[in-house]
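Readers should treat all values here as calculations from the given coordinates under stated rules, not as data from a laboratory. These figures come from a predicted structure and were not determined experimentally. Here the Cβ is made from the backbone with ideal geometry for all residues, glycine too, and neighbour counts use every protein chain on show.
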Amino acid sequence: MIELKTYNRSTLEEFINLPEFSALPFLPISYHRAISHIQNPRADRDDVLLILAYDHSEMVGYLGVLADWIFDENNHQSKCGWLSCMWINPLSRGKGISKKLVAKALETWNKKILVTEFTAPARGLYDSTGAFKDLQIKEGVRHY
């Protein structure tokens, strides 16, 4: 059974300073990125910044959220989160873990989640939730 654990500013700071954090086989977030998320002036105390998925006691996936604000055409501010990273252990793929992580992010952020720069499989995942819509699509070739 997949269990999800969420981290806000204070619990994320505690987590990255535990000996167990550096002993993880896959780091869900680098120490420096975590500090950046914790110190982000747009992050409120209770904003969920990291979601981990566990299968029994093994971490099998994670999803990161960067707290932000967006402004409408009348300059009204609205709180939102950007999906900043997602990973599923290759041995655990196909179990719906990524869908559970995205659903948890949508739940904790009141469906105010933004994504950009995603792969075709990720697009399928986001479309399957019914919670995302395209604001703008830019055509072209991308080279990495």
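Pop out the ³J(HN,Hα) list for segment 45-56 in order, Karplus 6.51 cos²θ - 1.76 cosθ + 1.60 with θ = phi - 60°, rounded to Hz; leave Gly and Pro as x.
Going residue by residue, I get 3, 9, 4, 7, 10, 8, 10, 10, 10, 10, 10, 6 Hz, with x marking Gly and Pro.
Over every pair of different alpha-carbon atoms in segment 2-129, take the mean of 1/r and invert it; report that Kirkwood radius in Å.
Working: mean 1/r = 0.0657 Å⁻¹.
After inverting the pairwise mean of 1/r, the radius is 15.2 Å.
Modelling each spin label as a point 7 Å along the Cα-to-Cβ direction, I'd like the ILE38/LYS5 distance in nm, to one decimal.
Output for this residue pair reads 1.6 nm.
Quick one: which residues, 5+ away or cross-chain, put their amide H under 5 Å from the amide H of ASP47? H built at 1.01 Å from N.
Residues meeting the criterion, in which the H sits 1.01 Å from N, are ARG9.
In what order do ASP72, ASP47 fall by count of nearby beta-carbon atoms within 10 Å, going from fewest to most?
Working: ASP72 8, ASP47 22.
So the residues, fewest neighbours to most, are ASP72, ASP47.
In which sequence would TYR54, TYR7 go, from the one with the fewest C-beta neighbours within 10 Å to the one with the most?
Details: TYR54 15, TYR7 25.
Result, fewest neighbours first: TYR54, TYR7.
With θ set to phi - 60° and the Karplus curve 6.51 cos²θ - 1.76 cosθ + 1.60, what are the ³J(HN,Hα) couplings of segment 60-75 in order, to the nearest whole Hz, using x for Gly and Pro?
10, x, 8, 9, x, 10, 9, 5, 7, 10, 10, 10, 7, 5, 9, 6
Order of VAL115, VAL102, VAL65 from fewest to most other C-beta atoms within 10 Å? Don't skip to the end; give the middle numbers.
Numbers: VAL115 17, VAL102 23, VAL65 26.
Arranged by neighbour count, lowest to highest, VAL115, VAL102, VAL65 become VAL115, VAL102, VAL65.
From the phi angles alone, apply the Karplus equation (6.51, -1.76, 1.60; θ = phi - 60°) to segment 102-111 and give each ³J(HN,Hα) in whole Hz, x where the residue is Gly or Pro.
Once θ is set to phi - 60°, the couplings for segment 102-111 become 5, 4, 5, 4, 4, 5, 6, 9, 6, 6 Hz.
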